[in-house]
Amino acid sequence: MDLDSLHRIGRIGKPWGHQGELIVHLDDIDPEDLVHAGSLFVDIEGQKVPFAFSKLHDKGSDVLVKFDDFNDPQSAQIIVGRDLYAPPGLLADGSDESWDPEEFIDMLVRDEEHGELGIVTAIEGTEKNPVLVVLHGEEEVLIPVTDEMILGVDPEENVLLVRTPPGLIELNKG
């Protein structure tokens, strides 16, 4: 993952309760706009360290997070006061930080291994699981829109840079 694509979402406050939950002070982000499982990154001495979390919820006027690594307030204390970051994929749809697949139509798709794949001609699938339809010669290549596969967008050159998993391009050609 490109650590430069992380977005600062707030700061970690003091532990809450006896299960290792922590209060989180979010910066202009509604907790409902965050996906409620995955990994968040904590800035520890300039390094963005991922921590898996299983719960993010409102508790009165506070927002609490439960990281899998901490089961008591003493162990959670080591990350108190540190900045908290989220990858783009952790921000729910509708946020200005998530990908809008419709913007990819008519873009040239360039795979980091296979080179130029073709032009995005349509979006198929569902709203939660969109799939790019890429015209590759006379064949259509279907590429799921996930943060793991989309490496970046160059609007000046109208290019979408992707990383397809091994075998996906060959499967589509078959």
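All of the numbers you see were taken from the coordinates with simple rules; none came from a lab. Model, not experiment: these values are computed from the prediction. A quick note on method: Cβ atoms are made from the backbone with ideal geometry, for glycine too, and the neighbour counts reach across all protein chains shown.
Note the full-extension length gain between Q47 and Q19 as 0.36 nm times their separation in residues minus their Cα-Cα distance, in nm to one decimal. Could the numbers behind the result be given before it?
Numbers: separation 28, 0.36 × 28 = 10.08 nm, distance 2.59 nm.
Stretched fully, the Q47-Q19 segment lengthens by 7.5 nm.
Taking the Cβ of K59 as the centre, find all other residues whose Cβ is under 12 Å away and add up their charges (Lys, Arg: +1; Asp, Glu: -1). Mind showing how you got there, number by number?
On the way: positive: K55, K66; negative: E21, D58, D62.
Charge balance near K59 sits at -1.
Per 0.36 nm of contour for each residue apart, how much would the distance between T146 and V131 grow if the chain were fully extended, relative to their Cα-Cα spacing? Intermediate results must be reported in sequence, preceding the final value.
Numbers: separation 15, 0.36 × 15 = 5.40 nm, distance 0.90 nm.
Result: 4.5 nm gained on full extension.
Using only alpha carbon pairs under 8 Å that are at least six residues apart, calculate the relative contact order of the stretch 115-172 and give it in whole percent.
Relative contact order of the stretch 115-172: 22 percent.
For the stretch 3-90, report the convex hull volume of the alpha-carbon atoms normalised per residue, in Å³, without decimals.
83 Å³
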